[in-house]
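Peer 1: I have a structure I would like to understand better, so I am pasting it below and will then ask my questions one at a time.
The values are calculated or read from the model by the stated rules, or taken from the named source; none is laboratory data. Only a predicted model underlies this, so the values are computations on that prediction, with no experimental measurement involved. Neighbour counts run over all protein chains shown; Cβ positions are idealised from the backbone, glycine included.
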Amino acid sequence: MKEISWQEFEQVELRVGTIIKVDDFPEARNPSYKLIVDFGNEIGQRKSSAQLTHHYSKEQLLGKQVIGVVNFPAKQIGPFMSQCLITGFYDDNGHVILAVPDKEIENGKKLL
């Protein structure tokens, strides 16, 4: 594991947002959804592709608060431009489990 400085960590913009739209992403190499996440007034809405289909239905994701990295450059994923990275953990089978706040919080708040 590479050690980083506190100053390096502070540069990563980890923000809370609410998923406001979920669509299938059949063109993706791995089963995925296309998400639109509202990160509040300062950041706005961002699009993301997320491999969440194993543990989450579209209905379960809609309205869910998530933690996303909002200051990575946009990344082309097939025909879709992803504008943020939604965070999570791989389970023992390589499927993603979301990292989420345990209480509702205002969209856009920064992870400490």
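Peer 1: Report whether or not GLY108 is among the small types (Gly, Ala, Ser), more than 16 Å from LEU35 (Cα to Cα) and surrounded by 11 or more Cβ atoms within 10 Å (Cβ to Cβ).
Peer 2: Yes, satisfied.
Peer 1: Quick one: is GLY68 without any contact (Cβ under 8 Å) to a residue 40 or more places away in the chain and within 20 Å of GLU13 (Cα to Cα)?
Peer 2: no
Peer 1: Let me ask something else about it. Do any residues in region 40-63 that are in contact (Cβ under 8 Å) with a residue 60 or more places away in the chain have Cβ atoms under 9 Å from those of residues that are charged (D, E, K, R), where the two are at least six apart or on different chains, and which pairs are they?
Peer 2: Listed pairs, sorted by first residue: GLY40/ARG15; GLY40/GLU106; GLY40/LYS109; GLU42/ARG15; ILE43/GLU13; ILE43/ARG15.
Peer 1: With the requirement that a residue be out of contact with any Ser or Thr (no Cβ under 7 Å at 6 or more places or on another chain) and buried (at least 19 other Cβ atoms within 10 Å of the Cβ), what does region 44-53 give you?
Peer 2: Residues satisfying the conditions are ARG46, LEU52.
Peer 1: From the residues in region 75-96 that are surrounded by 11 or more Cβ atoms within 10 Å (Cβ to Cβ) and more than 15 Å from ILE19 (Cβ to Cβ), which one is modelled with the lowest pLDDT?
Peer 2: Checked region 75-96; the qualifying residue modelled with the lowest pLDDT is GLY78.
Peer 1: Within region 69-105, take every residue that is among the small types (Gly, Ala, Ser) and within 14 Å of TYR33 (Cβ to Cβ) and give me the one that is nearest to the chain's Cα centre (by Cα).
Peer 2: Taking the candidates together, the pick is GLY88.
Peer 1: In region 2-43, what count of residues is obtained for those that are among the hydroxyl-bearing types (Ser, Thr, Tyr) and loosely packed, with under 14 Cβ neighbours inside 10 Å?
Peer 2: Residues that pass the stated criteria total 1.
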